[in-house]
Amino acid sequence: MRIGITGSEGLIGTALGRSLTKAGREWRGLDLRAAPDAAGHGDVKDPLAVEQFVANCELVVHLAAVSRVVWGERDPALCWSTNVDGTQNVLEAALRKSPRPAVIVASSREVYGEPARLPVPEAALLRPLNVYGRSKEAAERAVRRARERGLRAVVLRFSNVYGSVDDHPDRVVPAFARAAAHGGVLRVDGPDHTFDFCHIDDCVDGILRAIEHLEEGRPPFDPIHLVTGRATTLGRLASISIAASDGAASVRVGKTRAYDVARFVGCPDRAARTLGWRARRSVEWGVAALVDEFRQIEARSGA
């Protein structure tokens, strides 16, 4: 089965592509960040580029997005056109193709906004707090409409995926890990803010299981969390990061932002029932591995 990955140059897309290649699977990517002369260069906002991409796929994993809350606040129009219109382009192209490819669409914990209680089940009310969250909720509505028209499409909701030194340096886990590795200052914007951190390897495993589910011809499922179900405060995350280094780093408490969600822990039970998936990597293990990798990079650069 030929698999297409939109957002193939991103954190999850690159990890998924590596896993598919390692398994001997055929896949192709579509991403604005691909080299301009590469076959995988393209924009999900361009309906023609998406049409041509989907035409060669039997299953599409749609990851392309304006993927940061802060980016959505800075450029709401771009966030909406990428996350909502881009998703609609993928779904419409899949609906027009014969036979129709299955589609996996990436969503986010941000669709819940500030949840009333923890852990959050998938059936909880969607009350997004920011532009990014609202765009993901709208993309999920587009998936539901496409399913009503006969498309085998599913939604996976991610939560604070981490685990790569190539991730955006200002995201909280790589920022803490890098600062800890270098003996720097960890800026904690809300020590009591609580999240569900999922390692990239577990996230990719969940996507692969969703691919297998659809490849086997099994029915589409309702939205599923790929979460650990474990709560970690930012203060605890900072302590884990420092403990994984030589302890020379320090903490500075910063200001929180009005459009940020302060807490989320998801329920992983539906993923276990439907996909046989549970997160296997603890945040202690994942952060320690990241700190160690940053230290190795620093040692090589100083050699």
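The values are calculated or read from the model by the stated rules, or taken from the named source; none is laboratory data. Here the structure is a predicted model, which means the values were calculated and not measured. Cβ coordinates were reconstructed from backbone atoms using ideal geometry, including for glycine residues, and neighbour counts include every protein chain displayed.
Of the numbered criteria (1) of a type in the set (D, E, K, R); (2) within 24 Å of S164 (Cβ to Cβ); (3) in a loop (DSSP other than H, G, I, E, B), the one D222 fails is (2).
In summary, R252 fulfils each of the numbered conditions (1) surrounded by 14 or more Cβ atoms within 10 Å (Cβ to Cβ); (2) in contact with a strand residue (DSSP E or B) (Cβ under 7 Å, 6 or more places away or on another chain) with the single exception of condition (1). The number of residues in region 243-272 being part of a helix (DSSP H, G or I) and farther than 21 Å from I200 by Cα comes to 1.
Do we find that R127 is surrounded by fewer than 24 Cβ atoms within 10 Å (Cβ to Cβ), closer than 20 Å to R147 by Cα and in contact with a helix residue (DSSP H, G or I) (Cβ under 8 Å, 6 or more places away or on another chain) in this structure? Considered against the rule, which asks whether it is surrounded by fewer than 24 Cβ atoms within 10 Å (Cβ to Cβ), closer than 20 Å to R147 by Cα and in contact with a helix residue (DSSP H, G or I) (Cβ under 8 Å, 6 or more places away or on another chain), R127 comes out as no.
Is there any pair with a first residue in region 256-285 that is closer than 22 Å to P191 by Cβ and a second that is of a type in the set (A, V, I, L, M) whose Cβ atoms are under 6 Å apart and which are 6 or more apart or on different chains, and what are they? If the second residue must be of a type in the set (A, V, I, L, M), the pairs left are V261/L129; V265/L118; V265/A231; G266/V120; G266/V227; E284/I240. Looking across region 43-78, the residues that are touching an Asp or Glu at 6+ places or on another chain (Cβ under 7 Å), closer than 25 Å to H168 by Cα and at pLDDT 95 or above come down to K45, A64.
Would you be able to tell me the number of residues in region 185-219 that are out of contact with any strand residue (DSSP E or B) (no Cβ under 9 Å at 6 or more places or on another chain), of a type outside the set (V, I, T) and in a helix (DSSP H, G or I)? Spell out how you get there, then give the answer.
Within region 185-219, the first condition is being out of contact with any strand residue (DSSP E or B) (no Cβ under 9 Å at 6 or more places or on another chain), and the residues that meet it are 201, 204, 208-209, 212, 216-219.
Filter once more, so that each one left must be of a type outside the set (V, I, T): 201, 208-209, 212, 216-219.
Retained after the next criterion (residues that are in a helix (DSSP H, G or I)): 201, 208-209, 212.
Matching residues across region 185-219 total 4.
Conditions tested, residue by residue: (1) among the basic types (K, R); (2) under 29 Å from E92 (Cα atoms); (3) at pLDDT 95 or above.
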{"position": "V143", "(1), (2), (3)": "no, yes, yes"}
{"position": "V155", "(1), (2), (3)": "no, yes, yes"}
{"position": "V161", "(1), (2), (3)": "no, yes, yes"}
{"position": "D166", "(1), (2), (3)": "no, no, no"}
{"position": "R171", "(1), (2), (3)": "yes, no, no"}
{"position": "A180", "(1), (2), (3)": "no, no, yes"}
{"position": "V185", "(1), (2), (3)": "no, no, yes"}
{"position": "D189", "(1), (2), (3)": "no, no, no"}
